[in-house]
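First up is the structure itself, then whatever we jot down about it.
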Amino acid sequence: MIGAVLLVVFGLLGAAVPVPYVAEVPGPTYNTLGDIDGKPIITVQGRPRNDVSGNLNLTTVGVSRAGVSLVEAVRGWFDPEVTVVPEESVYPPNQTPEQTQQQNRQAFLTSEEAAETAALGHLGYPEKVVVQSFSDGSPSKGKLEEGDAIDAIDGRPTPDTDALNAVLSSIPGGTTIEVSYTRLGQPGTTSLTTKPAEQRSGSLLGVLVRQQPSAPFDVDVQVQQVGGPSAGLMLTLGILDLVGNTDLTGGDVIAGTGTIDVSGNVGPIGGIQLKMVAARDIGATLFLVPADNCAEALQAPQPGLPMAKVATLDDALAALADVQAGRTPPAC
C-alpha cells in the first residue's frame, strides 16, 4: 500500500517538476518555391519568376519553450521522434531568450545572403560592389538603393571593395561626386556630397556594401518563422529554380537541409534525424543530407525516404539531375 502511494506521489511530482532539459521535435517544412500566408518566400524583381512545379522544402526543428517535466523527459528519451537535450544547449544561460532568438535570426539572414551569392555566382553573374544598407544620415539615401552596384566614382572604376575604398580615401570629405551605378541591369548616375571619414582621411558614402555577384534583377527572401543557418542550401536551390535555366524538381517533392557558404560548400547542421521525419511526413521523394551529417542520418533512416549525400551545391544539383534522369544519386 505504501509503495503504491509513493509510486503515485512520484508520478505526480514527475509530471509537475521541470528538469533542465528541452524537447526537440520535427518542425514545419517550407517550400522555398511557394508562399507563407500568401506571401512568396522568394520574390524576384526585374524579371519574371520561372513557372515552376514541385517542392524544394527547407526543414526545421521545433523546440519547447520551457523545461520539460521529468516524465516528459523520460518519455522523450524513448521516442524516436523526440530529442531531449540540455536546456543550455538551446538557450544559453548567459543570454536572454530574446537575445538567443535575435542571434538565430541573424544567422538566418547571413545564410540568406550566402545563398543568394552562391546561386548568382553559380549562374555566372560578375562580382560587383553592391549596396546592402544605409547608415543614419547617409548622403546616399534617396540617391542610391539597396541592390545597386557601384561601378565608378567620378569616372574611376570601383570593381571591388578595395578599389572603392582607395577612391574614397583620395576624395576630401564634403566633396560633391558623381556615382555611376547599375540598378536592375540598367546603368545610371547620381550626384551626392560625401561625408568626412572619421577614422581616416577621405570620404564616406554612408553605405554598407558587399562584394557579390550582381544580376539584372533583385532577389529577396522572406521567412520570418525560421532562425539559424541550416536553410542555406535549400534557399540556394530555390533561387536557382526560380531564376535559372533548369527545372530542378521535375514536379517532385524534394526536401533537405545544410548550411552554405558563398563558394557553394554545404556544411553540417543539428537535428538531422528530426528533419528527416519531417521530410518523410510531407512525402518527400528525396532528402538532401550534408555529407558531414551522413553518419548520424544513417542511424535513423526513414522508410521510403532516399537520402543523397551532398558536400557542395554542385553535388546537390547533380543529385536532382540524377533523380529526373531515373538514376540513383550518391547516397550516405
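Go through the residues of segment 279-287 one by one and say whether even a single one is assigned to a helix (DSSP H, G or I) and of a type in the set (S, T, N, Q). For segment 279-287, residues assigned to a helix (DSSP H, G or I) and of a type in the set (S, T, N, Q): absent. Among residues of segment 164-193 that are at negative phi, those with a Cβ under 9 angstrom from a residue that is at pLDDT below 95 and among the aliphatic types (A, V, I, L, M), sequence gap 6+ or separate chain, pair up as LEU168/ALA197; SER169/ALA197; GLY173/ALA197.
Taking segment 166-180 as the range and being part of a strand (DSSP E or B) and either surrounded by 18 or more Cβ atoms within 10 Å (Cβ to Cβ) or not β-branched (Val, Ile, Thr) (or both) as the test, the residues that pass are ILE177, GLU178, VAL179, SER180.
Among the residues making up segment 191-209, a single one is under 33 Å from the mean Cα position of the chain (by Cα) and surrounded by fewer than 15 Cβ atoms within 10 Å (Cβ to Cβ): LEU208. Just one of the listed residues (GLY267, GLY250) is open to solvent by less than 60 Å² (accessible area, probe 1.4 Å) and on the phi > 0 side of the Ramachandran plot, and it is GLY250.
List pairs: first in segment 202-229 and closer than 30 Å to ILE171 by Cα and in a strand (DSSP E or B), second aromatic (Phe, Trp, Tyr) and open to solvent by 20 Å² or more (accessible area, probe 1.4 Å), Cβ under 8 Å, 6+ apart or cross-chain? Matching pairs, first to second residue: VAL207/PHE134; LEU208/PHE134; PRO213/TYR125. Checked against (1) open to solvent by 40 Å² or more (accessible area, probe 1.4 Å); (2) in contact with a helix residue (DSSP H, G or I) (Cβ under 8 Å, 6 or more places away or on another chain); (3) assigned to a helix (DSSP H, G or I); (4) among the small types (Gly, Ala, Ser), GLY304 passes all but condition (3). Restricting segment 123-135 to residues that are out of contact with any strand residue (DSSP E or B) (no Cβ under 6 Å at 6 or more places or on another chain) and over 18 Å from GLY174 (Cβ atoms) leaves a set whose member that is surrounded by the most Cβ atoms within 10 Å (Cβ to Cβ) is LEU123.
Residues in segment 236-270 that are polar (S, T, N, Q) and part of a loop (DSSP other than H, G, I, E, B): 5 in all. Taking the criterion of being open to solvent by less than 20 Å² (accessible area, probe 1.4 Å), at pLDDT 95 or above, of a type outside the set (Lys, Arg) and on the phi > 0 side of the Ramachandran plot, would at least one residue in segment 231-247 satisfy it? No, that holds for no residue.
Got at least one residue in segment 84-94 being surrounded by fewer than 18 Cβ atoms within 10 Å (Cβ to Cβ), out of contact with any Leu (no Cβ under 7 Å at 6 or more places or on another chain), of a type in the set (Phe, Trp, Tyr) and in contact (Cβ under 8 Å) with a residue 40 or more places away in the chain? No; the residues of segment 84-94 include none that is surrounded by fewer than 18 Cβ atoms within 10 Å (Cβ to Cβ), out of contact with any Leu (no Cβ under 7 Å at 6 or more places or on another chain), of a type in the set (Phe, Trp, Tyr) and in contact (Cβ under 8 Å) with a residue 40 or more places away in the chain.
Per the conditions (1) in contact with a strand residue (DSSP E or B) (Cβ under 6 Å, 6 or more places away or on another chain); (2) open to solvent by 20 Å² or more (accessible area, probe 1.4 Å), the sole criterion not satisfied by VAL262 is (1).
Just for segment 288-301: of the residues that are among the aliphatic types (A, V, I, L, M), crowded, with 17+ Cβ neighbours inside 10 Å and in a helix (DSSP H, G or I), which one is farthest from the chain's Cα centre (by Cα)? For segment 288-301, the residue satisfying everything is ALA297. Checking ALA319, ALA255, ALA279, ALA331 one by one, the residue that is open to solvent by 30 Å² or more (accessible area, probe 1.4 Å) and not acidic (Asp, Glu) is ALA331 and no other.
The values are calculated or read from the model by the stated rules, or taken from the named source; none is laboratory data. On a predicted model such as this, the values are computed, not experimentally measured, just so you know. Cβ: placed from backbone, ideal geometry, glycine included. Neighbour counts: every protein chain shown. All accessible areas refer to the heavy atoms of the entire protein, side chains included, with ligands and DNA or RNA removed. Shrake-Rupley method; radii C 1.70, N 1.55, O 1.52, S 1.80 Å.
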